[in-house]
1. Counting only residues that are open to solvent by 30 Å² or more (accessible area, probe 1.4 Å) and within 17 Å of the chain's Cα centre (by Cα), how many does the range 119-134 have?
2. Check whether at least one residue in the range 56-67 is out of contact with any Pro (no Cβ under 8 Å at 6 or more places or on another chain) and either on the phi > 0 side of the Ramachandran plot or among the β-branched types (Val, Ile, Thr) (or both), and report yes or no.
3. What's the number of the condition ILE51 fails, among (1) surrounded by 14 or more Cβ atoms within 10 Å (Cβ to Cβ); (2) at pLDDT below 50; (3) part of a strand (DSSP E or B)?
4. Working only within the range 137-150, note down all residues that are open to solvent by 80 Å² or more (accessible area, probe 1.4 Å) and at pLDDT 50 or above.
5. Go through THR116, THR73 for me and flag whichever is under 21 Å from ASN27 (Cα atoms) and open to solvent by 50 Å² or more (accessible area, probe 1.4 Å).
6. Can GLY82 be described as of a type in the set (Gly, Ala, Ser) and over 16 Å from the mean Cα position of the chain (by Cα)?
Amino acid sequence: MKRFIGEVLQVQLLIGYHLQVNLKMTNDFYLLLTELNGSIKTIKLNLQKYIVGRNSSCDICIHANFISRFHCTLILQENAEGYCYTLWDGIPLRNASTGGTFLNGKKIDKPNQLKTGDIINFSKINDVPCLQFVVEEPINHEETLEVKFNETEA
């Protein structure tokens with residue numbers, strides 16, 4: 001099942017009671033969480049913002065002593081190609097994490113747009129737990145739904 005972000009992008013009422021609705025299909029986003037014991041958990045992303053950390057109030061809670069209470073944040077944003085998640089260290093415009101957030105082995109100091117296959121680590125020396133970002137491309141980028149009315153029905 002695909003998500004419709006922004007829902008209806010265009011509604012046109014055309015002459016002759018012809019209604020056309022264009023819906024833009026978006027990608028499905030996932031995180032693959034590799035836990036300390038080596039197990040892998042799939043997390044489907046469908047919110048605008050996710051806070052990752054060891055605090056029980058986090059959207060994605062990971063229990064490890066080297067992970068900050070509020071370690072990093074993922075925020076859904078619109079760009080020229082559609083929608084993407086950006087990764088922030090800590091809570092945006094507030095506090096950074098204690099040990100840093102690493103994207104593909106490099107410590108981040110500004111927001112980074114995530115691409116499929118990116119690996120998020122929470123420590124320079126610990127490989128797990130970690131998150132892998134996955135984007136599932138839609139089959140069609142646009143879908144058109146047409147509804148026609150007879151003049152007597154309108």
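1. Taking the range 119-134 as the starting set, the residues that turn out to be open to solvent by 30 Å² or more (accessible area, probe 1.4 Å) are 119, 124-128, 132, 134.
Restricting the remaining residues to those that are within 17 Å of the chain's Cα centre (by Cα) gives 119, 132, 134.
Residues meeting the conditions: 3.
2. Looking through the range 56-67, at least one residue is out of contact with any Pro (no Cβ under 8 Å at 6 or more places or on another chain) and either on the phi > 0 side of the Ramachandran plot or among the β-branched types (Val, Ile, Thr) (or both).
3. ILE51 satisfies all of (1) surrounded by 14 or more Cβ atoms within 10 Å (Cβ to Cβ); (2) at pLDDT below 50; (3) part of a strand (DSSP E or B) except (2).
4. GLU137
5. Of the residues listed, the single one that is under 21 Å from ASN27 (Cα atoms) and open to solvent by 50 Å² or more (accessible area, probe 1.4 Å) is THR116.
6. Details: of a type in the set (Gly, Ala, Ser): yes; over 16 Å from the mean Cα position of the chain (by Cα): no.
No, not satisfied.
The values are calculated or read from the model by the stated rules, or taken from the named source; none is laboratory data. All of these numbers come straight from a predicted model, not from anything done at the bench. Glycine also receives a Cβ, built like all others from the backbone with ideal geometry; neighbour counts cover every protein chain displayed. Keep in mind that these areas ignore ligands, DNA and RNA; they rest on the heavy atoms of the full protein, side chains included. Shrake-Rupley method; radii C 1.70, N 1.55, O 1.52, S 1.80 Å.
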